[in-house]
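Below is one structure; the comments refer to it alone.
The values are calculated or read from the model by the stated rules, or taken from the named source; none is laboratory data. Here the structure is a predicted model, which means the values were calculated and not measured. Here the Cβ positions follow ideal geometry from the backbone for every residue, glycine too, while neighbour counts run over all protein chains shown.
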Amino acid sequence: MFVRQSTHRRRHKPAKPNPSFPLTPHNNGQWCKKIRGKIRFFGIWEEPEAALENYLRVAADLHAGREPRSSTISAEGLTVKQLCNHYLTYQHQRSQAGEIGPRWFEDCRTVLDSFVSFTGPGRLASDLAPDDFLRYRQRLSRQGLTGRKGLGVYALTRAITVVRSALKYAYEMNLIDNPIKYGKAFVQPSSTLKRKSRRAAELANGKRMFEAREVRSLIEKAKRPLRALILLGINGGFGNTDCASLTLSAIDWDRGIIEFARPKTGTERVVPLWPETHQALQQVRQTRSEPASEDAEGLLFLTDSGKAWVRQYVHHGEDGSIKKVVNVDTVGEQFEILLRKLNLKRKGIGFYTLRHTFRTWADEVRDQHAIHRIMGHTIPGMSGIYIEEISLDRLRAVVNHVRSKLLGSAETAKTAASVPPDAT
């Protein structure tokens with residue numbers, strides 16, 4: 001199961017109703033059977049006859065390797081918990097195929113765990129009404145997903161999106177006969193509320209960008225390889241995962257260009273490198289650690305232990321489902337240490353702020369298509385279909401303008417370029 005069980009004291013497993021009973025009691029409180037290498041669940045301990053009925057209804061399909069259309073729907077109908085687990089099974093498959101990341105899967109699981117807890121696991125999905133969604137949204141606003149703090153505008157948007165997507169999936173997959181009615185309240189916060197939220201954050205914490213002197217200070221004080229990471233962030237709008245996923249083969253060292261599909265979207269990007277960035281990357285290559293695994297073989301940036309700077313550890317349950325996802329972001333962690341050291345840390349500011357800063361300065365060139373290509377954004381509209389190539393001269397004009405914004409005069413540029421990589 002994907003949705004966690006309640007944290008009541010552990011119960012003793014029941015005995016089988018009779019020796020020929022084909023199902024086995026699982027630790028999660030359900031009757032199960034391992035079929036073709038996968039554990040399947042058919043109902044709770046307290047209702048062995050219903051579990052057996054569910055098993056017999058789909059046994060032929062499962063043993064033949066076919067996925068039944070509805071493997072756990074009782075005669076009374078699909079419960080909220082069953083619906084959420086169907087959806088999470090689907091998202092798990094997408095995660096394994098690389099269509100979504102483990103982090104998004106973990107977000108979905110966390111939200112749906114909260115939703116099941118609110119409705120009750122045995123509540124029939126067909127019994128959900130607009131009033132339920134109104135009260136659930138109010139709970140999210142007051143208590144959030146954990147009961148500690150209400151969600152902000154963007155977290156609330158994500159939670160509503162996950163729940164609505166799960167219920168829409170259930171209808172489209174014929175798990176429920178009719179679409180669920182949410183009512184007027186269970187909709188994403190309006191664009192107006194999002195703008196107000198962002199404006200309030202800006203007034204409280206400032207804009208999510210750096211001043212040129214702040215970026216220069218970060219570059220000057222950073223040790224290798226963090227200095228190279230910061231230069232990538234301001235030279236080409238690289239984010240945390242972009243940097244950690246950069247491969248040696250993506251860099252044309254002779255021409256000083258990175259050609260690299262952005263990991264988040266797969267969109268093509270071409271980034272002409274500044275002399276400072278090119279030199280810093282070469283130093284990283286020369287002092288690169290030995291890869292700790294096959295996955296790290298082609299990466300440019302490796303920690304001292306030979307691991308990627310941004311990585312994920314996925315913990316699976318006995319049934320193969322994802323139970324927990326641990327995200328390790330060494331880029332963000334090391335950058336935050338430097339921010340605090342230089343007294344530049346404030347709420348909403350992190351390594352990704354370099355990407356915001358790059359885009360803000362680059363926009364002054366007024367070549368949107370060139371900026372999109374550098375940042376790995378899809379060129380919008382029909383232009384994205386018809387534009388086959390953007391010249392290096394246009395791309396260099398963008399990054400050179402950002403460099404001039406950062407370094408200012410030629411004398412300043414010369415000083416910054418001469419800073420030792422390991423300066424503290």
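In segment 62-83, which residues are modelled with pLDDT of 70 or more, touching a helix residue (DSSP H, G or I) at 6+ places or on another chain (Cβ under 9 Å) and small (Gly, Ala, Ser)? Give the derivation first.
Initial filter on segment 62-83 (modelled with pLDDT of 70 or more): 62-66, 77-83.
Then drop every residue that is not touching a helix residue (DSSP H, G or I) at 6+ places or on another chain (Cβ under 9 Å), which leaves 62, 66, 77-83.
Across segment 62-83, the qualifying residue is only Gly77.
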Worksheet item: Are any residues in segment 188-231 of a type outside the set (S, T, N, Q), modelled with pLDDT of 80 or more and not in a helix (DSSP H, G or I), and if so, which ones?
Response: Pro189, Lys207, Arg208, Met209, Phe210, Glu211, Ala222, Lys223, Arg224, Pro225
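Can you tell me which of Arg139, Arg158, Arg123 is closer than 29 Å to Val58 by Cα, charged (D, E, K, R) and touching a helix residue (DSSP H, G or I) at 6+ places or on another chain (Cβ under 9 Å)?
So the residue among Arg139, Arg158, Arg123 that is closer than 29 Å to Val58 by Cα, charged (D, E, K, R) and touching a helix residue (DSSP H, G or I) at 6+ places or on another chain (Cβ under 9 Å) is Arg123.
Condition first: more than 26 Å from Pro189 (Cα to Cα) and touching a helix residue (DSSP H, G or I) at 6+ places or on another chain (Cβ under 9 Å). Now tell me which residues in segment 84-120 satisfy that.
Let us first name the residues in segment 84-120 that are more than 26 Å from Pro189 (Cα to Cα), namely 85-86, 89-90, 92-99.
Of everything in segment 84-120, those that are more than 26 Å from Pro189 (Cα to Cα) and touching a helix residue (DSSP H, G or I) at 6+ places or on another chain (Cβ under 9 Å) turn out to be Asn85, His86, Tyr90, His92, Arg94, Ser95, Glu99.
Can you find even one residue in segment 379-390 that is modelled with pLDDT of 85 or more and not assigned by TED's automatic domain parsing to the domain that holds Asn28? Lay out the reasoning, then the answer.
Step one: of segment 379-390, the residues modelled with pLDDT of 85 or more are 390.
Keeping just the survivors that are not assigned by TED's automatic domain parsing to the domain that holds Asn28 gives 390.
Yes, because at least one residue in segment 379-390 is modelled with pLDDT of 85 or more and not assigned by TED's automatic domain parsing to the domain that holds Asn28.
One line per residue, one yes/no per condition, for (1) in contact with a Ser or Thr (Cβ under 9 Å, 6 or more places away or on another chain); (2) surrounded by fewer than 19 Cβ atoms within 10 Å (Cβ to Cβ); (3) among the basic types (Lys, Arg); (4) assigned to a helix (DSSP H, G or I):
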| residue | (1), (2), (3), (4) |
| --- | --- |
| Thr265 | yes, yes, no, no |
| Asp304 | yes, yes, no, no |
| Gln312 | no, yes, no, no |
| Glu336 | no, yes, no, yes |
| Leu344 | yes, yes, no, no |
| Thr357 | no, no, no, yes |
Worksheet entry | The one condition in (1) in contact with a Ser or Thr (Cβ under 8 Å, 6 or more places away or on another chain); (2) of a type in the set (A, V, I, L, M, F, W, C); (3) surrounded by fewer than 19 Cβ atoms within 10 Å (Cβ to Cβ) that Ala200 fails to fulfil | (1)
Item to complete: Please tell me if Asn174 is modelled with pLDDT under 90, polar (S, T, N, Q) and either touching a helix residue (DSSP H, G or I) at 6+ places or on another chain (Cβ under 8 Å) or within 30 Å of Leu229 (Cβ to Cβ) (or both).
Response: no
Fill in: Positions within segment 234-253 being under 11 Å from Leu273 (Cα atoms) and either acidic (Asp, Glu) or buried (at least 24 other Cβ atoms within 10 Å of the Cβ) (or both), in sequence order
Ile234, Asn235, Gly236, Asp252
Response to the item:
Scanning segment 90-119 residue by residue, those of a type in the set (S, T, N, Q), within 16 Å of Arg164 (Cα to Cα) and in contact with a Phe, Trp or Tyr (Cβ under 7 Å, 6 or more places away or on another chain) turn out to be Gln91
Discussion item. Among the numbered criteria (1) over 30 Å from Ser404 (Cα atoms); (2) surrounded by 15 or more Cβ atoms within 10 Å (Cβ to Cβ), which one does Ser190 miss?
Written reply: (2)
Item to complete: May I ask you to list the residues in segment 267-298 that are loosely packed, with under 12 Cβ neighbours inside 10 Å and part of a helix (DSSP H, G or I)?
Response: Pro275, Gln286, Glu294, Asp295
Worksheet item: Going through segment 287-301 one residue at a time, which ones are touching a residue at least 60 places away in the same chain (Cβ under 8 Å) and farther than 17 Å from Asn240 by Cβ?
Response: Thr287
